2 protein chains.
Amino acid sequence: MAATLRDVAEHANVSVRTVSNVVSGYEHVSSKMRARVEQAIDELGYRPNPVARTLRTGRTGLLALVVPEIDVPYFSELARDVITAAAEVGYQVMIDQTGHDHEREQDLLRGTDRNMLFDGMLFAPLATEAELSGVTESQTMPLVLLGEHTFDGRFDHVAIDNVQAAADATDHLIAIGRTRIAAIGAQPKEHYTTPLQRTEGYTTALERAGLGPEPSLIRAADHYSRADGYAAASSLLAESPRPDAIFCYSDLLAMGAARAVFDAGLQVPDDVAIIGIDDIEEGRYARPSLSTVSLDTPFIAEQAIARIAARIDDPTLPAQEIVAPHLLLPRESTGAASVTP
Amino acid sequence: MAATLRDVAEHANVSVRTVSNVVSGYEHVSSKMRARVEQAIDELGYRPNPVARTLRTGRTGLLALVVPEIDVPYFSELARDVITAAAEVGYQVMIDQTGHDHEREQDLLRGTDRNMLFDGMLFAPLATEAELSGVTESQTMPLVLLGEHTFDGRFDHVAIDNVQAAADATDHLIAIGRTRIAAIGAQPKEHYTTPLQRTEGYTTALERAGLGPEPSLIRAADHYSRADGYAAASSLLAESPRPDAIFCYSDLLAMGAARAVFDAGLQVPDDVAIIGIDDIEEGRYARPSLSTVSLDTPFIAEQAIARIAARIDDPTLPAQEIVAPHLLLPRESTGAASVTP
DNA sequence: TTGTATGCGTTATCAC
DNA sequence: GTGATAACGCATACAA
């Protein structure tokens, strides 16, 4: 059905070589030839077959973005930026949901899957360091890790300074005079890196202020979801004395926690101040608007794409760590004045 | 580097044909052969090359999901369900953002792009009927349209009854006693189908109740975003007398509208009741929780995947329309009692 | 500058 | 049931 390079060549009375040259923008083609070939291409409605091209060149032009769940706002906002940044350097992005499945992550990392489709992979992992250490550079395709700070230096990663971000959030709660500061998101069942780092920042900040930490004010959360935040906050409010502030390890947890505070007949921020991490758009329109630590997803996306593109071109590049900036954004949920979104 | 079918064949002292048979699960292979081949596969760490397979079979196992913006919750929640449903029948999903770009939509529909990578396409279009009518069945690959109700019958689509959904939402506002019912989302610059249909449902419901419609209470919204909802609602509240209810054509618009009502010093639902469409999770945790019309995204995803899979297998299938159910969900923003999320 | 021929890794068509 | 071999559509080494 579809026209091939050969069809075009016959139609234009030239060789496939010439057609190929024209199609791939080769320099040294006479303008007459070029015109003739281009006309034939138009007449036949020829489109290059990317699969055949890939088999030949070994490049698919496809990148995989691996996230736990695409419908978590932080990841969908990151995906938007990654897709945009990738398009600018000629890559298309496939999104892979691991759904909190460790085996799926391992499969992806090890290339047990049908991964030969991708030129490279952007990986926002649940994975623990222990799991990653079981993966060797040779097993995996070009890879950029997203979000963690401490990995062994074997892989590129665009990191967030989770410890500092958590400390900044906690310091803010301390600065507005709160003394019983709870945390939601610490220590899920498994030893994920992100919650460990955020707990470290939270703990350090409290200790520096001589305020704790008090283990009874720390709650786990499996999925960083609104439901988890709601449940954890409800349980925290039953403590006595109850906390006067909650630091949530994600904005989504914070949205759930805020709703739990209201359902308990209390006010945010008067009775309980709340702060999250991520700066998802939802928090800017919530009532009260959500104080948070902004992670620069456009920066993360751009750096990650630049890095993966470079590594695909030269796989021998030494691994590199880029730390993305973060920024404390006080809003109404910690007593800041209302600002029109 | 990577082992090929031939490497395995040599290693196991059989022909490539036999190895291929084993790999693709062909029936008639003696168990001895199968064992021998499988051992060789393990020893060499062989993985089939999906690109080569694709070149031969013409199937990539890839589906494209085309949406205006992946970070709009409705679309990211839909994407989650589509990815899940696709995985169950052996397809992977690529997400394409059109970013409200009509030309990009046209390119995708016409296959001007590098579309030979996909076996089929799920398309949640901005496109108007006029634009779609410029695309012929032969130009495009297997295609399932998502979300609209009225298309000419040339393409498969999984539709929402937008007219009825909008009427249900409006009827609900009427039923709780509101009489000045505004609308946000009607008639953006261009003649998109969804807003036209929702406006029709809204108008019909008002007329049935003898309440209007009043043109000054209808506002446009370009992107169905929180910002658009905020701006439109702010402008509506300046009307005099001001509306006592707002029907928003998406939940995201409604979230922005609610914030605007609060910033104007008014209460939801006492002063202004608000209802949206989509049933995104954000609305269930918002304060007040958002009344909405739920669209059954898992249903939409499953039906769309089933349909595209069938059409890929048999492109001559007649086009079919499936209408997804919808359900009115009264919550606090229209005066319903609070329910723990 | 352009033409010819080979191979990328797989599946499928023939024989045996 | 298994083996040899021809495509699939393209890019490129080599020749002209």
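Rank the residues B:Glu103, A:Glu321 as a footprinting-exposure proxy: fewest other Cβ atoms within 10 Å of their Cβ go first.
Fewest to most other Cβ atoms nearby, the residues stand as B:Glu103, A:Glu321.
Would you tell me the mean number of C-beta atoms belonging to other protein chains that fall within 10 Å of each C-beta in A:68-81, as a whole number?
Mean shielding count: 5.
Whose Cβ in chain B comes nearest the axis that rotates B onto A, and by how many Å?
B:Ser76, 2
Among A:Ser15, A:Ser225, A:Ser235, determine the one that fluctuates most according to a GNM of chain A built with springs between C-alpha atoms less than 10 Å apart.
A:Ser15
Percent of Cα-Cα pairs per 5 Å bin, from 0 to the last occupied bin, for region A:5-57, please list those.
5, 22, 33, 24, 13, 4, 0
Take every DSSP beta bridge whose two residues both sit in the protein assembly as shown, then give the antiparallel share in percent to the nearest 5.
10
Based on Cα positions only, what radius of gyration and what Dmax would you give for chain A, in angstroms?
25.2, 87
Which whole number gives the average count of other chain Cβ atoms within 10 Å of the Cβ atoms across peptide A:42-55?
4
What are the nm distances, shortest first, from A:Asp222 to its equivalents in the other copies, labels at 7 Å along Cα→Cβ?
Nearest to farthest, the other copies are at 4.3 nm.
Which angle between 0 and 90 degrees, to the nearest 10, do you get for helix B:193-208 versus the longest principal axis of chain B when only C-alpha atoms count?
Long axis of B:193-208 versus the principal axis of chain B: about 40 degrees.
Rounded to the nearest 0.05, what FRET efficiency is calculated for B:His28 and A:Thr4 with R0 set to 35 Å and r the Cβ-Cβ distance?
For B:His28 and A:Thr4, the calculated efficiency is 0.55.
Round to the nearest 10 and give me the degree value, 0 to 90, for the angle of helix B:73-88's Cα axis relative to the longest principal axis of chain B.
30
Using a Gaussian network for chain B with springs between C-alpha atoms less than 10 Å apart, which of these wobbles most: B:Pro330, B:Pro315, B:Pro269?
Taking springs between Cα atoms under 10 Å, the residue moving most is B:Pro315.
What order do you get for A:Met255, A:Met141, A:Met33, A:Met121 when you list them from fewest to most C-beta neighbours inside 10 Å?
Least crowded to most crowded, the residues run A:Met33, A:Met141, A:Met121, A:Met255.
Nearest 500 deg cm²/dmol is fine: what mean residue ellipticity at 222 nm does chain A get from its DSSP H runs of n ≥ 4 alone, each adding -39,500 (n - 2.57), divided by its residue count?
Counting only the DSSP helices, I get -13000 deg cm²/dmol.
May I ask for the percentage of alpha-carbon pairs in the protein assembly as shown that lie more than 40 Å from each other?
38
If amide hydrogens are placed 1.01 Å from N in the peptide plane, which non-local residues have theirs closer than 5 Å to the one on A:Leu329?
Sorted by chain and number, the residues that satisfy this are A:Thr292, A:Val293, A:Ser294.
Using the 7 Å Cα-to-Cβ label point, sort the distances from B:Gly99 to its equivalents in the other copies shortest first and give them in nm to one decimal.
Label-point distances to the other copies, shortest first: 3.1 nm.
Using a Gaussian network model on chain B with a 10 Å cutoff between Cα atoms, which of B:Thr179, B:Thr199, B:Thr136 fluctuates the most?
B:Thr136
Percent antiparallel among DSSP beta bridges with both residues in chain B, to the nearest 5?
In chain B, approximately 10 percent of DSSP beta bridges are antiparallel ones.
So the label point sits 7 Å from Cα along the Cα-to-Cβ vector; using that for A:Arg17, what distances do you get to the other copies, in nanometres, sorted shortest first?
3.6
Laboratory data are not the source of any read-out in this text; all were calculated from the coordinates shown. All figures in this text were calculated on a predicted structure; none of them were measured in a lab. We place every Cβ from the backbone using ideal geometry, glycine too, and count neighbours over all the protein chains shown.
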